[in-house]
Amino acid sequence: MEKLTNKEEEIMHILWKLKKAFVKDVLNEITSDKPHYNTLSTIIRNLVDKGYVGYTAYGKTHQYHPIVTKESYRKGFMNTAISNYFNDSYKNVVSFFAKEEKISVEELKEIIKLIEKNN
């Protein structure tokens, strides 16, 4: 999967939420830093070119829909982040969050239970 820009990710989150949308529908969902309609249309066409979004043509207008699922994107994103920032080590990921106090002992115990249940 090709990496998305922050704005492209924002648009994908909107399309995942709406499931199908015209450019105007996507524009209505953007709460801050609204791009111009034509700029948004270009961003969505870039997502089509990257293979993340498909469309149905209705004359001169297009209704867009996500092709890549949120779960699939999340998996690829996490795998890349773990590879690039944590040396492919999930232990390093968990210890990072523990050191940053972003995960509690109770949450760690829940994770251990999930791992034990799946083994």
Practice problem: Filter segment 38-50 down to the residues that are surrounded by 12 or more Cβ atoms within 10 Å (Cβ to Cβ) and within 18 Å of the chain's Cα centre (by Cα), then identify the one that is farthest from Gln63 (Cα to Cα). | Solution: Lys50
Quiz item: Does Thr56 meet the test of being without any contact (Cβ under 8 Å) to a residue 60 or more places away in the chain, open to solvent by 50 Å² or more (accessible area, probe 1.4 Å) and either outside any helix (DSSP H, G or I) or touching a Gly at 6+ places or on another chain (Cβ under 9 Å) (or both)?
Solution: yes
Quiz item: Given (1) open to solvent by less than 60 Å² (accessible area, probe 1.4 Å); (2) modelled with pLDDT under 95, where does Pro66 come up short, assuming only one miss?
Solution: (2)
Quiz item: Residues of segment 92-108 being of a type outside the set (A, V, I, L, M), assigned to a helix (DSSP H, G or I) and surrounded by 10 or more Cβ atoms within 10 Å (Cβ to Cβ), which ones?
Solution: Asn92, Ser95, Phe96, Phe97, Glu107
Quiz prompt | Output for segment 1-37, where each listed residue is part of a loop (DSSP other than H, G, I, E, B) and open to solvent by less than 100 Å² (accessible area, probe 1.4 Å) | solution = Leu4, Thr5, Phe22, Ile30, Ser32, Pro35
Self-check item: Selection status of Arg74, farther than 30 Å from Ile115 by Cα, open to solvent by 60 Å² or more (accessible area, probe 1.4 Å) and either without any contact (Cβ under 8 Å) to a residue 60 or more places away in the chain or not in a helix (DSSP H, G or I) (or both)
Solution: no
Self-check item: Close pairs from segment 94-116: first within 21 Å of Met78 (Cβ to Cβ), partner in a loop (DSSP other than H, G, I, E, B) and hydrophobic (A, V, I, L, M, F, W, C), Cβ under 8 Å, at least 6 apart
Solution: Val94/Ile103; Phe97/Ile103
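The values are calculated or read from the model by the stated rules, or taken from the named source; none is laboratory data. This is a predicted model, so every value here is computed, not measured. Because the Cβ atoms are built from the backbone with ideal geometry, glycine has one as well, and the counts that use them run over all protein chains shown. Each accessible area value is taken on the protein alone, full model and side chains, heavy atoms only, with ligands, DNA and RNA left out. Shrake-Rupley method; radii C 1.70, N 1.55, O 1.52, S 1.80 Å.
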